[in-house]
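Chemist: Quick one: the structure is below, questions incoming.
Read the figures in this text as sums done on the coordinates, not as results from a lab. Given the structure is predicted, the values throughout are model-derived calculations rather than measurements. All Cβ positions, glycine included, derive from the backbone under ideal geometry; neighbour counts span all protein chains shown.
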Amino acid sequence: MTREAVSTETVSAGAVYRGMDQATLDRQYSPSSRVPSLAAYLALYERRSAAARRDHPVRAGLRYGPHPAELLDYFPGRPGPGPGRPPLLVFVHGGNWQALGRAESAFPAPPLLRAGAAVAVVGYGLAPGTGLDAMAGMVRRAVGRLLDRAEELGFASDRLYLCGTSAGAHLAAMALLPGPYAEPAGGPDVSGRIAGAVLLSGMYDLEPVRLSYVNEALRLDEPAALRNSPLHRLPERLPPVVMARGGNETEEYVRQHERMVAALRGRTEVAEVVAERHDHFDLPGDLGVRGTELGDTVLGLLGLGPERGGTTG
């Protein structure tokens, strides 16, 4: 893997990556270092997710694969004013590949449901018990299973949109890559069946992640980090992508976002959103919320609202 050059004048003794020592690199890949209380956000996720399940019809715990964690919650979309079935947004949670689950991750559903979308919230196995290759396969398998059941579940099979935040954005980006993949761990190739993607505050080059504290759970070696780095494996053509981040992100998350935006240009339509008043953890709360830049852009992608803004080819 080719790393970006770092001037020898800026490399300190003990540098691990791009002139950063271990403590600095670890802080850069700890987005909670930029917010007063991670616990407060996690409690908010849990409360809002419980309210989403209380206030909206949901088919909870639908199995999509053999692993105990391969369950998803499906919120049916109501028929819109036009003909046809609603689009589906599939949400993949974050948590550094080692925390959270579908129980805390239904909070984006209500505004999307009100706008006319169906929503699926995907659970997947976590590190260290589940490796990253298997996690990526689980997300692909969830997408494939949903598409197989589109008629039964009631959404338009040609309007499935995949959305992930943080580690979930990485896994969603991996699902955009064409196969082949060895079943069952690798999951099916669903890349040609995804109508569009929404990637929030993600990591797309895992070499620095491999060198950080996050790898204590992931246990990636260099080939595995490269194999799971979508930035280096993008196909020539992709469906439309919304790339979003908060204004209050670490410099490395900003750099990862900017590199992915640049790599996507020329391969697809890219709508970039930088929500200056948001951070890594509250940004997903704008999904589907009309009047917010992210919400309007995502609804435009789904065909439920304003046209996508800030689009580049």
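Chemist: Just to confirm a number: summing +1 for Lys and Arg and -1 for Asp and Glu over residues other than Gly116 whose beta-carbon lies under 15 angstrom from that of Gly116, what do you get?
Modeler: Surrounding charge for Gly116 is +4.
Chemist: Going by a ≥ b ≥ c, the root eigenvalues of the Cα gyration tensor, does segment 119-243 fall in the rounded group (a/c under 1.5), the prolate group (a/b larger than b/c) or the oblate group?
Modeler: prolate
Chemist: Classify segment 210-313 as rounded, prolate or oblate, taking a ≥ b ≥ c as the square roots of the eigenvalues of its Cα gyration tensor: rounded when a/c is under 1.5, otherwise prolate if a/b is larger than b/c and oblate if not.
Modeler: Oblate, since a/c reaches 1.5 and b/c is not below a/b.
Chemist: Per residue, what volume in Å³ does the Cα convex hull of the chain take up?
Modeler: 129
Chemist: Taking every DSSP beta bridge with both residues inside the chain, roughly what % is antiparallel (nearest 5)? Spell out each step's value before the answer.
Modeler: Values: 10 of 37 bridges.
Of the beta bridges lying entirely in the chain, close to 25 percent run antiparallel.
Chemist: Considering only DSSP beta bridges with both partners in segment 47-164, what is the antiparallel share in %, to the nearest 5?
Modeler: 40
Chemist: Quick check on packing: order 197-208, 19-30 by the mean number of other C-beta atoms within 10 Å, highest mean leading.
Modeler: 197-208, 19-30
Chemist: Which value at 222 nm does the chain reach when only helices count, each DSSP H run of 4 or more adding -39,500 (n - 2.57), with the total divided by all residues and rounded to the nearest 500 deg cm²/dmol?
Modeler: On the way: 11 runs with 99 residues, N = 313.
Value at 222 nm, helices only, nearest 500: -9000 deg cm²/dmol.
Chemist: Around Asp158, under 15 Å between beta carbons, what's the net of Lys plus Arg minus Asp minus Glu among the other residues?
Modeler: Neighbour charge sum, excluding Asp158 itself: +2.
Chemist: Now a separate question. Scan around Leu160 for amide H atoms under 5 Å from its own, H built in the peptide plane at 1.01 Å from N, and keep only partners 5 or more places away or cross-chain.
Modeler: For Leu160, the qualifying residues are Leu88, Ala195.
Chemist: Counting other Cβ atoms within 10 Å of each Cβ, which GluC sites (Glu not before Pro) in segment 205-313 have at most 10 and sit in a DSSP loop?
Modeler: Here the sparse-neighbourhood loop sites are Glu236.
Chemist: For Ala182 and Arg114, FRET efficiency with R0 = 45 Å and r from the beta-carbon atoms, rounded to 0.05?
Modeler: E between Arg114 and Ala182, to the nearest 0.05, is 0.65.
Chemist: For a paramagnetic label modelled at 7 Å from the Cα of Leu38 toward its Cβ, which residues of segment 156-177 fall within the zone defined by backbone nitrogen distances under 20 Å?
Modeler: So the set is 164-171.
Chemist: Please name whichever of Ala40, Gly305, Thr250 sits farthest to the positive end of the charge dipole of the chain, dipole taken about the Cα centre and charges placed at Cβ: Lys and Arg +1, Asp and Glu -1.
Modeler: Result: Gly305.
Chemist: Suppose R0 equals 35 Å. What FRET efficiency, 1/(1 + (r/R0)^6) with r the Cβ-Cβ distance, do Arg63 and Arg277 give to the nearest 0.05?
Modeler: Step by step, r from the Cβ atoms, then E = 0.35.
Chemist: Now for a separate question. Which shape class applies to segment 215-276: rounded if a/c is under 1.5, otherwise prolate when a/b exceeds b/c and oblate if not, where a ≥ b ≥ c are the square roots of the Cα gyration tensor eigenvalues? Intermediate values should be presented prior to the final figure.
Modeler: Values: a/c = 2.87, a/b = 1.22, b/c = 2.35.
Oblate, since a/c reaches 1.5 and b/c is not below a/b.
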